[in-house]
Each structure stands twice: as C-alpha cells, then as structure tokens.
Amino acid sequence: MEAVTDRVFRYMIETYAPADLYFTEFCCVDSWDTPGWSVSSKRLDRYPNETKLIAQIWGSNPDKYYQVSRYLAANNYQGVDINMGCPDKAVIKKGCCAALADNQPLAREIIQAVQEGAGNLPVSVKTRLGNKSDQSEIWVEFLAKQGIDMLTMHGRIAKDMSKYPADWEKIGRSSVIAKSVNPDIKFLGNGDLLDLDQAKHYIDLYQLDGVMIARGIFSNFFVFSGKKGTKSELLKVAKKHLELFIDSNQEYCLRRYSSFKKFFKMYIREFEGADQLRSRLMTTTTPEQALDLLSDQETLASP
Ligand SMILES: Cc1cc2nc3c(=O)[nH]c(=O)nc-3n(C[C@H](O)[C@H](O)[C@H](O)COP(=O)(O)O)c2cc1C
C-alpha cells in the first residue's frame, strides 16, 4: 500500500504478526535514468534481511520496465509484480495500471520486458476484473497465457473504485480460467478481507492459492496472526513503530510526521481510553511528543 507499507511498517508486521509475503509500495518505472528516480525508487527501499519481499512496479514504458526489472533481479528482491490494477484517475489517463485491461498489446510488451529483465525471478501481475466494465474472462485468459507465475485479482472494476463489495464469485471464476490456461500459475484473491477466518473461507471455497489483505490491517494490526492485541501490546507496537520512524526518517526523508498519524488509528483503538489518547496523539506536532505520551500511558498501564 502506497505510503503505508514502507520498510519500517513491513518490519513491524514481520516482527509482531508476520505475513507470508510482502509487496513494496508501487514504484513508477518511467523515471528510471532520470533525476526523478531517486524519489520514485524510495518506494523500493528495503532492509537487507527482508526475504519475502516482492517489488511492485508500474508505468508505461516497456524499456524502463526491463531496466528496472534487471535492477530488481540484481538486488535480491524475491519477485517482480506489475501493477495492472490501480484505478487512480491520473494513472488511468496515462494508460497505465488498470487501463492496461483495455490495451492488451502494451500489457503483453510490458510483461515480456519484465520477464526478460527479471531473469529467474518470479513475475506476477496484480489486477482487477476490468477497467470500465467486467472484462475478467478475456483479461484473465490473456494474462495467464503470458506465462506469469502469479496473478492477484481484486474483485472490482476500476471505474467502480471501492463503491461495491468485492465480487468473490468472480474472483473464484477467474482462478478457474487462469489455471485452465496455465496450471502452474498461483492465484490470489483480494478485496474486503478483515480476518483470517474470512480468508480461509474464500481460499477453501474457491480453491485459491492464497489471498492478499490490505486495508484489513487498519482495523487490526495483528490480522496476520489471527489475534487481537491487548492494550499493552498495542501501546508497545505503537512506540516501537514511532522509534523506528524517528531513526529511519533521518535518511529516508520521504515521509513527514503528519503521514505517520494514520498509524495511531491502527494501534490506539478498542481499549479503554483509546479515543482520548488517540485525539491527543493526533494533536502532537513531533514524533518525540507522541513518544512521551505513549510512554506515560505505558507507565500508567503497568501494574
Ligand atoms: C492507502 C492505499 C494504498 C494502496 N496502494 C497500493 C499499491 O501501491 N499497489 C497495489 O497494488 N495496491 C494498492 N492499494 C490497493 C490494495 O492493495 C488492495 O487491492 C485494496 O485496498 C483492496 O484490498 P483490501 O480490501 O484488502 O484493502 C492501496 C490501497 C490503499 C487503501
């Protein structure tokens, strides 16, 4: 998730409630070889010991996809994922991401460029049921024919953004189509999952290889462990995240403190006094102030 799953947050998840696989924020390849790459490439930042990390890229220029995929292969990522699902109006206007469902020739060129550049790394695509309408049957068949290793399907079309619930039946049907064309493909479903019970239900019902959970972590940081955190656990992780944010931001200046505050909504919830504490945290102007507040709470909470 853009502006959410940076390396610090991935470290938090991996340490306290690990997932099986992580994706970077989506990184635009088109600025490769230009001064803009130093900013775009921050989205690929990783800790050297991350071993379950797939880099996600997007853009419009197949040659840049090739160059960036070579770079990713040389830098120990575990795979390259092509974003063909983002519904943002600005990217759709450029013909990128979900708009590629309407441009199979370019989608094919991009996939081939990534496969060539990525060498032995697995290549995957994340997409939607379609762009302006449900194109899933032809779109999934087309994608699976390109010999990709994994396909993640978000169960909505781009035009609808998140207006309607994700259509898991269509995700299930897409998996059948993909596997009938390419039996080795791994197929993941995505959309509206809040916990592991729901995830397991859909995996079993539609014989999926797995699911991707994104916003579910906003309502439960521990979602991948299948448990809910206690007040003291939540205070502890909030503090740890802030400390890492402070340390890493000296070299990683992409994120401002204001953008960190969304994490308070994730950690400071569903315990006695959470609403008041969160309101106070939201008015802080530096991470150090927030750290002091959290430390006071921890002292009060300890027996
Ligand atoms: C803040 C935010 C940022 C996102 N950034 C990305 C991204 O960089 N790449 C991507 O493939 N999807 C991105 N998504 C979409 C999610 O990966 C996911 O497909 C979508 O939220 C639906 O799944 P969910 O219901 O589990 O959240 C983003 C979603 C949100 C809310």
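None of the figures in this text is laboratory data; all of them are computed from the coordinates on show. Values in this document were obtained by computation on a predicted structure and should not be read as measured data. Heads up, the Cβs are rebuilt from the backbone with ideal geometry, glycines too, and the neighbour counts pull from every protein chain shown.
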(request) Taking the Cα centre of segment 16-173 as origin, sum charge times position over the Cβ atoms of Lys and Arg (+1) and Asp and Glu (-1), and report the length of that vector in debye to the nearest 20. (result) 340
(request) Could you give the C-alpha radius of gyration of segment 205-252 expressed as a fraction of 2.2 N^0.38 Å, taking N as the number of residues it contains? (result) 1.56
(request) May I have the convex hull volume per residue, in Å³, for the Cα set of segment 64-176? (result) 100
(request) Could you work out how far helix 231-249 tilts from the main Cα principal axis of the chain, as a 0 to 90 degree angle to the nearest 10? (result) 70
(message) So if I restrict to the alpha-carbon atoms in segment 17-68, what is the Rg, and what is Dmax, the biggest pairwise distance, in Å?
(response) 12.1, 38
(request) Note down the relative contact order for segment 20-212 as a percent, whole number, built from C-alpha pairs under 8 angstrom at least six residues apart. (result) 15
(message) Using Cβ contacts closer than 10 Å as the measure, can you line up F26, F224 from fewest to most?
(response) F224, F26
(request) Report the convex hull volume per residue for segment 1-146, counting only C-alpha atoms, in Å³. (result) 114
(request) Send over the semi-axes of segment 231-301's equivalent ellipsoid, whole angstrom and largest first, taken as the square roots of 5 times the C-alpha gyration tensor eigenvalues. (result) 20, 12, 10
(request) Mind checking which aspartates and glutamates have their Cα closer than 13 Å to the Cα of K93? Skip sequence neighbours fewer than 8 apart in that chain. (result) D102
(message) Just to confirm the filter: which trypsin sites (Lys or Arg not before Pro) across segment 104-195 are DSSP coil and have at most 12 other Cβ within 10 angstrom of their Cβ?
(response) K163
(message) Could you tell me what a quarter of the Cα convex hull surface of the chain works out to, in nm² with one decimal place?
(response) 15.9
(request) Obtain the radius of gyration and the Kirkwood radius of segment 177-274 from its C-alpha atoms and give Rg over Rh. (result) 1.11
(message) Using 20 Å as the Cα-Cα cut-off, could you pick out the over-long pairs in K200/K227; K126/K261; K231/K265?
(response) K126/K261
(request) Before rounding to the nearest 500, sum -39500 (n - 2.57) across all DSSP H runs of length at least 4 in the chain and divide by the residue total; then give [θ] at 222 nm in deg cm²/dmol. (result) -13500 deg cm²/dmol
(request) Among P62, G79, S225, pick out the residue whose Cα is farthest towards the positive end of the charge dipole of the chain, where Lys and Arg carry +1 and Asp and Glu carry -1 on C-beta, about the Cα centre. (result) P62
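Please work out the Kirkwood hydrodynamic radius for segment 108-230, using every pair of different C-alpha atoms, and report it in angstroms with one decimal place.
15.2
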(request) Rank the residues Y164, Y47, Y71 as a footprinting-exposure proxy: fewest other Cβ atoms within 10 Å of their Cβ go first. (result) Y164, Y47, Y71
